[in-house]
1. Can you put VAL149, VAL128, VAL179 in order of accessible area, largest first, using a 1.4 Å probe?
2. Work out, step by step, the length gained on full extension between ASP49 and LEU183: first 0.36 nm times the residue separation, then minus their alpha carbon distance; give nm to one decimal.
3. If you count, for each residue, the other Cβ atoms within 10 Å and average over each peptide, how do 6-19, 61-74 line up from highest to lowest?
4. Just to make sure I understand: if all protein chains stay in place, what is the order of ARG118, ARG156, ARG162 by accessible area at 1.4 Å, largest first?
Amino acid sequence: PSGCFNLMAEAVEQRTGALEKSALALEQRQAELRKERDRLNAVISSMRDGLMVLDADGAPLVWNSAARPLVQIVSSGGLELSAHRLCRSALAQEGERQGAEESSACHRCLFDPAAPPRSCLVDAGASVWEVHSTRLASEPDGRSGRVLVARDVSDRVAQDERQIHQERLAVLGEVAAVVAHELNNP
């Protein structure tokens with residue numbers, strides 16, 4: 001009887017030792033995961049471009065400070081979001097071939113988990129954003145979310161529009177000079 005008790009006590013000791021080793025390994029792994037999470041959060045926070053991760057229902061899960069304006073718009077249902085003029089003209093050409101509706105194209109591009117990767121120019125309030133949207137890997141339930149990387153390009157678009165306006169004025173000036181020359185020298 002005492003031999004059986006000693007064997008049982010040894011077995012309990014061995015299992016306790018194994019459990020302590022497992023607990024220590026688990027604590028070390030948790031510390032590594034916390035360190036990696038903190039590193040990832042630091043990278044996301046330091047990005048100048050907006051980064052937003054949407055769940056399968058289109059709700060924001062993770063975002064950085066640069067994406068806050070878009071998060072507010074997405075959280076409100078995306079009603080303030082519309083295709084930018086340049087994106088609308090591209091959609092119109094595409095729509096002739098595919099029957100796409102420009103009003104919902106950006107919403108599909110941003111929110112539809114099954115949509116292919118795409119880039120859009122969207123008007124969000126007073127700003128113009130260039131948004132790159134791609135699908136996340138599927139969850140175990142088969143649903144997937146989206147990753148959106150956005151950059152405020154309002155200044156660049158305004159500069160492009162000013163340059164186009166200046167080019168039109170230059171052409172108009174050239175035409176006026178030719179007409180004036182022809183009028184002075186018939």
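1. Ranking VAL149, VAL128, VAL179 by accessible area, largest first, yields VAL179, VAL149, VAL128.
2. Here the segment from ASP49 to LEU183 would lengthen by 42.7 nm.
3. Going by the mean number of other Cβ atoms within 10 Å, highest first, we get 61-74, 6-19.
4. From most exposed to least exposed: ARG162, ARG156, ARG118.
The values are calculated or read from the model by the stated rules, or taken from the named source; none is laboratory data. Please read all numbers here as calculations on a predicted model, not as lab measurements. Positions of Cβ are backbone-derived with ideal geometry, glycine not excepted, and every protein chain shown enters the neighbour counts. All accessible areas refer to the heavy atoms of the entire protein, side chains included, with ligands and DNA or RNA removed. Shrake-Rupley method; radii C 1.70, N 1.55, O 1.52, S 1.80 Å.
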